[in-house]
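Novice: Here's a structure for you.
The values are calculated or read from the model by the stated rules, or taken from the named source; none is laboratory data. Keep in mind that this is a model prediction, so the values were computed, not measured. Reconstructed Cβ throughout: ideal geometry from the backbone, glycine too, with neighbour counts over all protein chains shown.
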Amino acid sequence: MRALSSTALGLILLLSTPSVLSNEITAYQWDFGDGTTSSEANPNHEYQQPGFYQVTLKAFVNDKLSYSKQHLVDAVSPTIKKFIILGENTAKVGENLSFTTELETTQPLQLNYIWTTQEGNEHSGSRYSFTAEKTGTFELSVSGFFNGRKVTTDTLSYTVSVADTTPTPTTPTDKTKQSDEGGGSLFWVLPALFITGLRRKLKS
């Protein structure tokens, strides 16, 4: 017996009953998990909010239950149009790397994010920053969760290279200029002392 099937188009759900029952069933009872129901054989249903819904179908033959099936419907993932990691993919050892998420949806959607490093470490939040400690090419992934269920993910590769250790050139001290300046001062002091001594001798 084939289970019931569904196709989510945004928040619109297209449902179909098992074909092997179509000639036997006299009544259908759908529960869409959001408080609404239908008695159609193949109903379409539009959810008002993104979410995961437990859809239940009960089929009856002459008022007797002949078939019952539950089906979990994902009305979150179809609303996601774009989900990517943003950030620089190159850095040097000792530099800071910062990544964030970009989410584009057809409906307002609040997700929780878990970042996973290549080493398996996990960090929560829509942004992840750290200092590059070793060289190499690494992978970083982030997953978006809705009510504890993963609905989207993206992965980015980044490369860390050796830090630039070339010393910054400094301006050399001009010793010749300092000597000239010092000599110039002494040149003017000596004649002044000679003239002062000569005047004292003439007065005496």
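Novice: Quick one: in segment 96-125, which of the residues that are modelled with pLDDT of 95 or more and acidic (D, E) is surrounded by the fewest Cβ atoms within 10 Å (Cβ to Cβ)?
Specialist: Across segment 96-125, the extreme among qualifying residues is E122.
Novice: Test F145 against the stated conditions and say whether it is within 30 Å of P50 (Cα to Cα), aromatic (F, W, Y), touching a residue at least 40 places away in the same chain (Cβ under 8 Å) and out of contact with any Asp or Glu (no Cβ under 8 Å at 6 or more places or on another chain).
Specialist: no
Novice: Inspect segment 66-83 for any residue being within 30 Å of V162 (Cα to Cα), in the same structural domain as F138 (by TED's automatic domain parsing) and modelled with pLDDT of 90 or more and give the result as yes or no.
Specialist: Checked against the condition, which is being within 30 Å of V162 (Cα to Cα), in the same structural domain as F138 (by TED's automatic domain parsing) and modelled with pLDDT of 90 or more, segment 66-83 yields no hits at all.
Novice: Can you work out which of the residues in segment 63-91 that are closer than 21 Å to W30 by Cα and surrounded by 14 or more Cβ atoms within 10 Å (Cβ to Cβ) is nearest to the chain's Cα centre (by Cα)?
Specialist: Only one residue fits best here, namely V76.
Novice: Let me ask another. Can you name every residue in segment 92-106 that is among the charged types (D, E, K, R) and within 9 Å of the chain's Cα centre (by Cα)?
Specialist: Matches in segment 92-106: E102 only.
Novice: Continuing with this model, one more query. Quick one: which strands (runs of 3 or more DSSP E) lie wholly within segment 44-107 and hold at least 2 residues that are of a type in the set (A, V, I, L, M, F, W, C) and in contact (Cβ under 8 Å) with a residue 40 or more places away in the chain?
Specialist: Fully inside segment 44-107 and qualifying: 52-61, 80-86, 96-105.
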